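Nothing in this text is a laboratory measurement; each read-out follows from the coordinates by a stated rule. This one's a predicted model, so the numbers in the text were calculated from it and none came from an experiment. Glycine also receives a Cβ, built like all others from the backbone with ideal geometry; neighbour counts cover every protein chain displayed.
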Amino acid sequence: MAIPSFQTRQDGRVMRSGPVQARPDPIPSPTQTPVVEMRDLTMQWGDRPVLDHVSLTMQPGERIAVVGPSGAGKSTVLRLLAGLQLPTGGELRLFGEPQRYLRLDQRRPPDVRLVFQNPALLASLTVEENVGFLLMRLGRLKPQQIRERVQQCLEAVGLDDVAEKYPGQLSGGMQKRVSFARALIDDPDREEGAMPLLLYDEPTAGLDPVASTRIEDLIVKTTTVARGCSVVVSHVHSTIERSAERIVMLYGGRFQWDGTVEEYRVTDDPYVVQFRTGNLRGPMQPSDH
C-alpha cells in the first residue's frame, strides 16, 4: 500500500509532494459504472417521506457534499449508502449492484467506509488495534504486515508516534484523525483498481476554524490516498466548499439543486441563496422536529 506524502501550504491547500496513482476521471466514460445510483428512491417513516422519489448518480472519483437544513434527511442518505437502512421504495445501486439487504446480511458488502461525527474508537484497544481492526479480524495478514499498514495510514494523517497509545490518551482532534486513518485501511482481498466510497458525517461539527481546516484537508487527502470518492454531510460552509467538488441541496424530501462548488457560490437559486446566507426568508422553513 503506497501512500504519498503531502504538504499543507500557507494558504491552507494540501499539495502532494510524492507520487500518487492517478485518480479516475470523474467524467463518465462508456465503460465506467456509477458508484451510486438512486432511482426513484423513497425512504418513508410513517406517513412522512424523508426522501420522496429522488434520483442521483455519482460517478467514480467524485467528491459530493449533501447539504440542507436540519431534519432534511441528509443523515438518512448516509445510512442508506452505508447499508444501515434499506429504502422503502425505488432502487439503490452501489458499484452497479442493487442493494436489497442490509450490510450485515451481505456476504460481500460493497467497500463503503463511514467516518462518524464522533471518532467511535474502542477505548479498550490501542490506536494500532483500532486502525487495524478489520485486518486483524480477517486474519489473512501476519501481525508485522498489519503493523506496517497501520503505521502507513497513521503517517498519512500526520500521526506517526501514537500507535501504542489508547484513545483516552489523545486529544479529541487526534482521535478524529485516527478515525480517518482507519478509513484508509484496505481489505487485502480488494480487487486491483476498486474504489471505496467514503462517507463523512458532520466531520467538523463543534470544531474551531483552524481545526476545521485541518479536517477539511484530511477529507480531500484521505479520499485521494484511498483512491476513492466521497460524500460529506455538513452545515459548515468552509467544509462544504473545501471538501467537495459537487454540491446537492436536499429539502422537502427532494434534491432541489445540484451543481459544482463554483456554481454554488454564484447561483441565484432560492434554496441555495437562503442556505448560503442563513436568511429566514425563502422556500425553506425551520423544522419543528
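Worth a mention:
- Ranked Tyr166, Tyr271, Tyr101, criterion: other C-beta atoms within 10 Å, fewest first: Tyr101, Tyr166, Tyr271
- Ratio of Rg to Rh over the stretch 129-193 (Cα coordinates, Kirkwood Rh, two decimals): 0.97
- Couplings 3J(HN,Hα) for the stretch 40-52, derived from phi with the Karplus relation 6.51 cos²θ - 1.76 cosθ + 1.60 (θ = phi - 60°), are 6, 7, 10, 10, 10, 10, x, 8, 9, x, 6, 10, 10 Hz, where x marks Gly and Pro.
- Taking 25 Å as the straight-line reach from the Cα of Lys142, the lysines in range (excluding those fewer than 8 positions away in the same chain) are Lys165.
- In order along the stretch 231-248, the Karplus-derived 3J(HN,Hα) couplings, from 6.51 cos²θ - 1.76 cosθ + 1.60 at θ = phi - 60°, round to 10, 10, 9, 7, 9, 7, 4, 5, 5, 4, 7, 8, 9, 10, 10, 9, 10, 10 Hz, and Gly and Pro are given as x.
- Here the Karplus curve 6.51 cos²θ - 1.76 cosθ + 1.60, taken at θ = phi - 60°, turns the phi angles of the stretch 146-158 into couplings of 5, 4, 5, 5, 4, 5, 4, 5, 5, 5, 5, 9, x Hz, with x standing for Gly and Pro.
- Max mean-square fluctuation residue, GNM over the chain, Cα-Cα springs under 10 Å, options Arg140, Arg254, Arg107: Arg107
- Charge tally in the Cβ shell below 10 Å around Ala65, where Lys, Arg are +1 and Asp, Glu are -1, Ala65 excluded: +2
- Kirkwood hydrodynamic radius over Cα pairs of the stretch 220-263, then Stokes diffusion coefficient at 25 °C and 0.890 mPa s, in µm²/s: 213
- Close amide-amide hydrogen proximity is noted between Val162 and no other residue 5 or more places distant or on a separate chain, at a cut-off under 5 Å (H modeled in the peptide plane; Pro and chain starts excluded).
- Cα radius of gyration and Dmax for the stretch 116-236 (Å): 14.0, 42
- Quotient of C-alpha Rg and 2.2 N^0.38 Å, computed over the chain: 1.00
- All aspartates and glutamates inside 14 Å of Lys74 as judged from Cα atoms, apart from same-chain residues fewer than 8 positions distant: Asp52, Asp201, Glu202
- Between amide H atoms placed 1.01 Å from N, distances below 5 Å from Val112 occur with Leu197, all of them 5 or more places distant or on a separate chain.
- Label point of Phe116 set 7 angstrom out along Cα-Cβ; within the stretch 189-231, amide nitrogens under 18 Å from it belong to 198-207.
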